[in-house]
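The values are calculated or read from the model by the stated rules, or taken from the named source; none is laboratory data. As the structure is a computational prediction, the values presented were derived from the model and not from experiment. Here the Cβ positions follow ideal geometry from the backbone for every residue, glycine too, while neighbour counts run over all protein chains shown. Heads up: the accessible areas ignore ligands, DNA and RNA and are worked out on the full protein's heavy atoms, side chains in. Shrake-Rupley method; radii C 1.70, N 1.55, O 1.52, S 1.80 Å.
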Amino acid sequence: MQHSSTSWPNYRNQYYNPVYKIRALIQTLDAELATLSQRCAVTKLNISKPSFPKVDYVLGRSSAGVPYRVESDAQKSMSVLNDGKTASATPTRTLSSIYRSRVIEAFRNRRIFTVYGNYHTIRRALLNRGWLEKLTPNRYPKLQSLPEEVLLQHAKRGNDYEAVAISKIISHFPAFFIWQPKSHRDFHTDILPLRNRVRRGRNLDFSTKVGLIGCAEQQQWFHEKGVCGMSHPRFYRLGGSTEERMAFIEDFRQTQCRCLLKFLSENMHRLSELVDPDAGTVPISVVHFAVTNLKKHFDELDHRTLDDETVTNADREKVEWQQFIANSNEVIRNNAKIQANVALLEEVSKLSRLYLAKLEERRRDYKWDGYRNLWILKPGYQCRGLGIIIQGSIDEILQWATNNPQRRYIAQKYIERPLLIHKTKFDIRQYMLLSIGESTLSLWLYKDCYLRFSSQEFTIDDLRESIHLTNNSVQKRYKNKPNRDVRLPKNNMWSLEHFKVFLKHTNAPNNVWEERIYPGFKENLTAVVMASMEETEFVENTFELYGCDLMLDEDYNPILIEINSTPDLTPSTDVTARICPMALRDLIKVIVDLPCNPHAPTGNFERVYEVNYKFNREFDPEVGLDICGKRMTLFKPTNIVPKKAPRAPMLLHKTEQLIKVPLKRLRGPPPKSKAQTVNKGTEPKVLKSAAKEALAIRYTAPK
């Protein structure tokens with residue numbers, strides 16, 4: 001009988017291994033059988049002093065005169081029990097001494113580990129290296145309740161009874177390798193064990209959405225082209241300060257202006273369908289409003305509005321923006337017609353295209369915007385796609401964040417123009433490993449990764465999570481669209497090798513993975529780690545594995561979306577069943593093998609950055625400060641006269657000569673000796689008449 005695809009949707013792409021269930025049942029039965037054996041009446045007999053009388057039956061005599069005697073049944077059973085107890089106690093004591101010697105040797109060599117959770121790859125890798133496991137309370141709970149003597153009786157090489165027996169002996173020793181959840185308290189900090197948690201402050205904890213925003217704000221101090229730099233969508237903490245919420249509102253408004261002008265410039269071939277001089281419902285002033293604010297935004301990037309002291313009416317400005325957003329959405333979403341002629345709209349579209357091109361040169365993230373002005377709302381401290389929504393209305397966004405203050409929502413600009421594969425959205429899961437040594441912090445990237453696809457074709461007209469969220473925890477709840485491209489995987493995952501084959505058969509640049517995508521991963525993640533160093537707790541021997549989610553724009557440039565501190569390493573598909581155990585085995589090579597042997601292989605992990613964190617943070621007044629930079633140009637001549645040009649009028653010539661005077665004054669006089677300073681006194685410096693005239697001409701000359 002063939003089952004329908006709707007009868008078990010949750011297990012469509014998952015492997016089910018019954019070995020663990022069967023093993024748990026066997027352990028439960030063995031524990032119950034051992035308990036019943038202890039309760040038997042045989043163990044309650046006083047074997048050393050039997051209470052029944054000795055009865056002999058003489059059957060005859062031998063040739064030497066020795067009588068033949070027959071013992072009773074009770075005496076026979078007692079002799080058998082005595083021999084069995086002596087025979088079984090000896091190997092039990094021997095096995096116990098062997099285990100205790102192994103425990104002492106493991107303690108001396110720092111080879112005791114504890115692993116929370118079902119990370120069996122970590123356990124096997126350490127056991128194969130001669131480590132001993134100190135079991136957690138929730139592992140084999142039935143067997144851990146048995147006494148040590150019973151465990152030793154059933155212990156055999158490699159079985160669960162041996163593991164529990166050794167764990168009981170080792171219970172009073174600390175663990176030197178600890179794999180624990182993020183919420184657990186750090187124990188045995190005095191012996192500096194290998195621990196899979198790197199602690200840092202909440203403001204710069206990049207494994208949360210709120211902390212990633214803090215790192216994005218700090219990364220500018222560590223920016224170095226080609227080495228360290230973040231490429232990320234714009235995001236704001238809606239549950240933070242009032243200033244940040246106002247910054248989001250301003251960004252939303254400016255984005256709406258660019259959306260309208262981008263919509264008009266990309267639809268110039270059909271402007272006749274968007275205008276109607278007589279029956280148009282949207283006035284042309286809406287377009288002029290967008291162009292004016294676009295030019296203002298461009299001037300702000302050039303710092304031309306620093307001296308602008310214009311005071312605006314906040315209430316009136318709010319009404320104007322509300323009207324503009326409503327009218328522009330009518331044009332973009334409902335194809336409402338503008339009350340203007342085609343020629344005027346063409347001229348405005350050409351001008352706006354120039355401004356948009358200049359803005360996109362300075363802000364690469366503006367290229368990722370479409371013309372729907374969509375924002376994605378994420379809880380600040382949650383993962384796996386929980387509580388995420390996509391909105392295009394500023395009122396609904398602010399209201400949603402206000403109604404859920406406990407979730408600390410952030411607003412992230414939605415990437416409306418990502419790179420698509422067969423009309424389907426995808427992201428890339430990249431593993432990053434941080435390890436802290438005695439004085440250095442090392443950043444490792446895994447050379448292998450995998451792609452995660454959405455189950456539906458990409459469109460911005462439908463905002464359901466099955467289209468826009470590529471998390472496996474989200475997509476496993478949905479069935480693939482029937483008319484989706486057959487070249488896409490049924491389990492919605494691709495390996496890196498499959499993606500490289502796809503790149504070779506498309507219009508992608510040659511070696512785009514090796515020359516642009518993977519180096520972009522390094523640059524983004526290095527910037528995040530460097531930005532978080534200020535609040536990182538540098539504890540020797542700590543490490544942590546992260547799952548980084550990145551996307552690609554239409555030019556194959558990586559975009560960092562988020563970083564997870566506890567990535568899903570379960571074999572949910574054949575792709576993850578291969579890469580996840582391999583990544584964990586290589587992690588043990590880096591963390592355990594490499595410190596003991598500098599030439600040990602590290603698998604697919606590549607060290608991409610290393611920084612010394614033990615630098616002197618205190619200021620030494622005797623050393624002073626080093627100032628690096630370039631000299632500022634205080635004045636620029638308004639008219640540049642070429643060398644071979646005819647001589648300018650006398651006034652302009654004098655102006656050029658006089659402009660140089662204040663420059664020398666503002667740069668400062670040469671250093672004077674102490675004798676000159678004492679003789680001259682502390683009289684105030686007064687500008688000469690020539691300098692005053694030059695300044696007056698400079699600021700009153702027409703531009």
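At-a-glance table
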quantity	calculated
Residue 269 - accessible surface, heavy atoms, 1.4 Å probe, Å² rounded to 10	150
Prolate/oblate/rounded label for region 207-262 (Cα gyration tensor, a/c 1.5)	oblate
Accessible area of residue 268 in the full protein assembly, 1.4 Å probe (Å², nearest 10)	50
Burial ranking of peptide ranges 482-490, 215-223, 451-459 (average Cβ count within 10 Å, highest at the top)	451-459, 215-223, 482-490
Rough spin-label spacing in nm, given labels placed 7 Å along Cα→Cβ, for residue 500 and residue 485	2.1
Simple label model, 7 Å out from Cα along Cβ direction - residue 105 to residue 578, nm	3.9
Distance between region 88-158 and region 572-593 - C-alpha centres, whole angstrom	24
Global geometry of region 345-494, whether rounded, prolate or oblate, following the gyration tensor of its Cα atoms and the 1.5 cut on a/c	rounded
Distance from region 513-541 to region 209-246 (C-alpha centre basis), Å	14
Accessible area of residue 590 in the full protein assembly, 1.4 Å probe (Å², nearest 10)	10
Region 89-210, relative contact order in percent, only Cα pairs under 8 angstrom and at least six apart counted	26
